[in-house]
Structures are given as structure tokens and as C-alpha cells.
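FYI, it's all coordinate maths here, none of it is from the lab. This one's a predicted model, so the numbers in the text were calculated from it and none came from an experiment. Here the Cβ is made from the backbone with ideal geometry for all residues, glycine too, and neighbour counts use every protein chain on show.
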Amino acid sequence: MNNNDLIQQETFAKIGYGLYVATVNDGVKNGGCILNTFMQVANNPNQVIVSVSKQNYTCEVIEKTKAFNINCLTEKTPFAVFKNFGFQSGRTVNKFNGVDFFTSKNALPVLKQYVNGFFSLSVEQSIDLGSHIAFMCTVTEAKVLSNELSITYDYYHNNVKPKAEPKQKHGFICKICGYIYEGEELPPDFICPLCKHGIADFEKL
Ligand code: FE
């Protein structure tokens, strides 16, 4: 899976990440998506960067509304939450069906469960990165909701994600969500229909 001799793809898995739900409202309904690309990048004033896949409807809504919340997920978060917010599209489903939330000062939803803190963000700059848009934001509200530990990407992979079924299938499995592509060759532009990751995150069964 190497792009060339100098870039070992697996190196990217050595980057430490958290996992978050970005929540939005498109004017009609609440929505959101799972992302790992959120970090504070300056403290005077407080500024953060959030990178969102253009495949996500949430990205489109953030571009339009310039406002969203980041919900910090805890280690207690069940796989169902990742499935609900990460493996389907707000274009076709209401992800807030049956989800408990309250509303922050910016009138956007904050999840009540499995979240230990939230940030309300206002977009100052958008940077088009190709697959993603990076939103440089100022923080308009930030609150701690519990002292549960924040979940990391490693913790998710080791403890939350269902283990791959041992039954023999021919094809490629998405290391992020477990989706199986059946076939001899993975098309180079293939994108996981569930979690929207590319072929770099697939491995041969
Ligand atoms: Fe996937």
C-alpha cells in the first residue's frame, strides 16, 4: 500500500487522535458526523482546527452556517453511537432520532450521553484540502460535562469496534469500520460506503 519508497502508509496510524461528534443544524434538522481531526492550535485567542470530509453532509452544512459544536466522546461510548453518526448520511436519515441532547448558546445540539465536554465553534477561515475542508475556528462556548476519560482512536480500535468475523471471505476489509468489499481488486478510487475512508484503510482478507 506504499505510495512510494519514502512513504510507509502505516506511519499515519502512529498519529494520536481523539474521537468527536461534530453537530450542526441545516435550518431544518439537527445532524452530525464522527471525526478525529480536531485540535487546539492557538490560545490567545483560543483557536481550533477541525478537518471534515467533503463526503459528509455535515461539511456542507458547516460551510453554509459557519457554526458547529464539537462533542468530546468518552471511553464509554458504544459502537452504536459511531454507527449512527459515522456510518450513514444525514442526507437520508435523521441521526438525532432517539438521541438525547440539549442546546448550547449557539442554538446547536450537544449530546447528553457519552460526552465529557463540548465546544461551540465559529468558522473564521476554510481551507480546501481536496478530500477535506479544514475549518479554522474561534471558540464561543466550552463546558466540561463529566470526568469520564476521553476516547482515543487507539482505544476505539482496541475496545469498541467489533472484531472482524473469522469466516473466510474473498476481498478487502475496511480497518476502520469492518465493511467488506468482495472482489479480487480494490478500485484505486474506492471509498468505504460506511465510513468514507479510502483504500489506504483497507486490507486484504
Ligand atoms: Fe469503513
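A few comments on the model shown:
- Where strands (runs of 3 or more DSSP E) sit wholly within the range 22-101, those with at least 1 residues that are of a type in the set (F, W, Y) occupy 38-43, 67-73.
- Residue in the range 186-193 that is touching a residue at least 24 places away in the same chain (Cβ under 8 Å), within 22 Å of F12 (Cα to Cα) and within 13 Å of the ligand (Cβ to nearest atom) present: yes
- Which listed residue, of I176, I199, is within 15 Å of the chain's Cα centre (by Cα), within 13 Å of the ligand (Cβ to nearest atom), β-branched (V, I, T) and under 18 Å from F12 (Cβ atoms): I176
- Among the residues of the range 42-91, those identified as more than 16 Å from the chain's Cα centre (by Cα) and among the small types (G, A, S) are A42, A67.
- Qualifying residues in the range 158-173 (those that are within 13 Å of the ligand (Cβ to nearest atom) and in contact (Cβ under 8 Å) with a residue 40 or more places away in the chain) - the one nearest to the chain's Cα centre (by Cα): K161
- Number of the condition not met by V99 [criteria: (1) under 23 Å from G31 (Cα atoms); (2) away from the ligand (no atom under 16 Å from the Cβ); (3) free of Cβ contacts under 8 Å to residues at least 40 places away in the same chain; (4) surrounded by fewer than 16 Cβ atoms within 10 Å (Cβ to Cβ)]: (4)
- Test: I133 is without any contact (Cβ under 8 Å) to a residue 40 or more places away in the chain, out of contact with any Pro (no Cβ under 6 Å at 6 or more places or on another chain) and surrounded by 15 or more Cβ atoms within 10 Å (Cβ to Cβ): no
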